[in-house]
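Engineer: Let me give you the structure first, and then I'll get to my questions.
The values are calculated or read from the model by the stated rules, or taken from the named source; none is laboratory data. As the structure is a computational prediction, the values presented were derived from the model and not from experiment. Virtual Cβ from ideal backbone geometry, glycine too; neighbours counted across all protein chains shown.
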């Protein structure tokens, strides 16, 4: 597959890993902020070919698992209403709210449908004019423009029965919150390749200028990730802190102005709660008032959900998403907390650090690792 | 986040829609978020939208860098332990194009 | 709107005041504690997906209650002596939606699926029994199509459907039709195939392109509008198995990786034999269309169902001969050696990735869904 297979060559990976090993004499703590990178790192077994001095910290970069519980509960309440058809991306279907999930509601008879694209939800709204079709719009800056376009198209078509339940979150404010965390010491960031395709690289300048940490915006194939780690290692070795792009084939410094215009037209920043992290200022997007007719929360203001949660004392997600602890440091991983019985945000979705580690990384054969769990 | 895949443009229907293919699977997708594309172009496909046109020159540059890296170590002159010029892209050599800071001023 | 800036000073007053920028000050009581759904004490859909929860059900409910040595082998069929011969005996239920799909239908699956469970013991299939649970309102024409398809599949395999049963349930209590097929076959002498026979040094073979069936179904799934030519690979494998055994009777393990894909099956074998199954990612036969669709949807082909493929674990000295016999057979055209068996770490399946890394192939938890992340 073009632009995929060429970036999976084993011979190049070996060379890159060797070069990284040559440079990374001192330990380097590098955080990847994007769940797609966490997935790629584990899927291709990168920790097993990187030198032990490269310490990869898995940030809270999964919009699925950081969706607050009460937002999922809202989706569930909407799904239960007669005349409502809820559409959602596949991986959101299984995320538990307080007592149920969209998948369970579907089993109980609610009209819940998986879609690949917000445009599929729009088509369902055209097909079922007597139903209210709601699209559970989650994602980062990568996905928000697509949700925005769906709303703009609905408006242009005069489609009154389409609405989005929005939970978009923004990465740069989260990165700032992590950098401000006193107990997390990072040496650099593997920057989110597809978020940056939209927002460009200017939003990360504060990382280099304000905090003195290098950041390399990386693609998602294994050679992209390895090359980015190499570029970070060079910066760290040289004592530099700059924003660099490895993923030059799609990331431009100015991002995608068309997508940004669409995003800004429909959404505006707001504060947002991240499951497992609490409130991060100005880290969310909400639908602007002029598009209230397509905003499920404006259309259904009376959805009663509770955001009061009991503190699960054993859950260490807060420390793990900030990089203060590793998944295997958690006392309950693999025993009480598993992908089937997730306790906290990191295990809820396949891209959470704990889920990825549990599924892929428990046994890095040939690589120094704590005892296998589970 | 942001599962996306490179897709080849087969046909452009109008300024809103195109048909693309990924390894034998084709799909009609929105091109509302990109500037003009043409058949033969590659785009980044994410949830039914093209997010960016893939810059084939940049891709080729990076792949060429990787090729050099693999070939360099196969040549006996490029032994790090000896004095002498280092292969491009390795430590000590001139920075490759991809180390240039791309951030806007 | 021009550039994209996060200007917190312009946020309206009614948005709650932000906590100061550090995470130390945020309220970690916001940690969600989702209800552990699996502890609810009822059967969920995940229990039927062939992964961990199905295995739990077997270990915690069926096995302890039905306990007997034949069952404890946990093979897809039971093999036992009768007179001077050995019989293989198996049953399987089919609760498929949609009933008709590219490459087949529930009837064809029901016949081939049970024939394959027999074939995985090396048995020559003899007879099938079939039980239908029909939903009130099922069009007779659909039933006739399905039954015709079953006869076609059975005849192609040289097998007769010799007895059966029919029940009807109220509308709303079934997916149109549920089919259970039970089969019996004869295991030739000298053939000892069982999931606990994998030994370090053995080679792992697969009979052709993987993930065909599951992706053919997924491509047509409602809400996913992809244009791709993909057909289910449903097929009866016993003649392929016969060809393999003719090349060498010392095949150790045979399994057809249906629900849960190769991942599920290889983990079962690793557990039963107490070995490690090591797969080589580059050798896995994958059709470009399947690979492409998996990439688009973020699905891992190792977890996708197959309906006309088998995994064989054979001694290293016999691997090439058996592979040649497979490739000479129409159902084994794209067969390949895809891995080997190691002693450690026992009970695990893992993958050598295309870039030389290693990762665990975990037991599937539930149905794999397209991801956005």
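Engineer: Give the residue that is nearest to the other protein chains (Cβ to nearest Cβ), with candidates limited to residues of segment C:330-373 that are outside any strand (DSSP E or B), at pLDDT 90 or above and closer than 24 Å to residue C:274 by Cα.
Structural biologist: Ranking the candidates gives C:357 first.
Engineer: Please tell me if residue C:281 is closer than 30 Å to residue B:47 by Cα, touching a strand residue (DSSP E or B) at 6+ places or on another chain (Cβ under 8 Å), at pLDDT below 95 and assigned by TED's automatic domain parsing to the domain that holds residue C:242.
Structural biologist: Against the criterion (closer than 30 Å to residue B:47 by Cα, touching a strand residue (DSSP E or B) at 6+ places or on another chain (Cβ under 8 Å), at pLDDT below 95 and assigned by TED's automatic domain parsing to the domain that holds residue C:242), residue C:281 does not qualify.
Engineer: Further question on the same structure: Just wondering, is there one or more residues in segment C:259-270 that are assigned to a loop (DSSP other than H, G, I, E, B) and touching a residue at least 12 places away in the same chain (Cβ under 8 Å)?
Structural biologist: yes
Engineer: Same structure, new question: Report yes if some residue within segment A:39-46 is modelled with pLDDT of 90 or more and part of a loop (DSSP other than H, G, I, E, B); otherwise report no.
Structural biologist: yes
Engineer: While we're here: Out of curiosity, is residue C:291 under 20 Å from the mean Cα position of the chain (by Cα), in the same structural domain as residue C:350 (by TED's automatic domain parsing), without any contact (Cβ under 8 Å) to a residue 40 or more places away in the chain and surrounded by fewer than 24 Cβ atoms within 10 Å (Cβ to Cβ)?
Structural biologist: yes
Engineer: Out of everything in segment B:31-51 that is surrounded by 18 or more Cβ atoms within 10 Å (Cβ to Cβ) and on the phi > 0 side of the Ramachandran plot, what residue ends up being nearest to the other protein chains (Cβ to nearest Cβ)?
Structural biologist: B:48
Engineer: Condition (residue is within 7 Å of another protein chain (Cβ to nearest Cβ), in a helix (DSSP H, G or I) and either at pLDDT 95 or above or in contact with a helix residue (DSSP H, G or I) (Cβ under 6 Å, 6 or more places away or on another chain) (or both)) applied to segment A:22-32: is it met by at least one residue?
Structural biologist: Yes; the residues of segment A:22-32 include at least one that is within 7 Å of another protein chain (Cβ to nearest Cβ), in a helix (DSSP H, G or I) and either at pLDDT 95 or above or in contact with a helix residue (DSSP H, G or I) (Cβ under 6 Å, 6 or more places away or on another chain) (or both).
Engineer: Residue A:144 - would you say it is over 18 Å from residue A:339 (Cα atoms), buried (at least 23 other Cβ atoms within 10 Å of the Cβ), at pLDDT 90 or above and more than 14 Å from the chain's Cα centre (by Cα)?
Structural biologist: The answer is no for residue A:144.
Engineer: Which condition from (1) within 14 Å of another protein chain (Cβ to nearest Cβ); (2) modelled with pLDDT of 80 or more is the one that residue C:51 breaks?
Structural biologist: Only one criterion is unmet by residue C:51, namely (2).
Okay, residues lined up against (1) in contact with a helix residue (DSSP H, G or I) (Cβ under 7 Å, 6 or more places away or on another chain); (2) at pLDDT 75 or above:
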residue	(1), (2)
A:298	yes, yes
A:309	yes, no
A:312	no, no
A:322	yes, no
A:345	yes, no
A:348	no, no
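Engineer: OK, next. What are the residues in segment A:255-284 that are more than 7 Å from chain C (Cβ to nearest Cβ) and on the phi > 0 side of the Ramachandran plot, if any?
Structural biologist: Result: A:255, single match.
Engineer: To continue, here is another question. Which one of A:110, A:125, A:147, A:154 is in contact (Cβ under 8 Å) with a residue 60 or more places away in the chain, in contact with a strand residue (DSSP E or B) (Cβ under 8 Å, 6 or more places away or on another chain) and more than 12 Å from chain B (Cβ to nearest Cβ)?
Structural biologist: A:154
Engineer: Taking the conditions exactly as written (farther than 23 Å from residue A:273 by Cβ, more than 10 Å from chain B (Cβ to nearest Cβ) and surrounded by 18 or more Cβ atoms within 10 Å (Cβ to Cβ)), does residue A:102 satisfy them or not?
Structural biologist: So residue A:102 fails the test.
Engineer: Only one of these is crowded, with 24+ Cβ neighbours inside 10 Å, in contact with a strand residue (DSSP E or B) (Cβ under 9 Å, 6 or more places away or on another chain) and within 11 Å of chain B (Cβ to nearest Cβ): A:215, A:164. Name it.
Structural biologist: A:215
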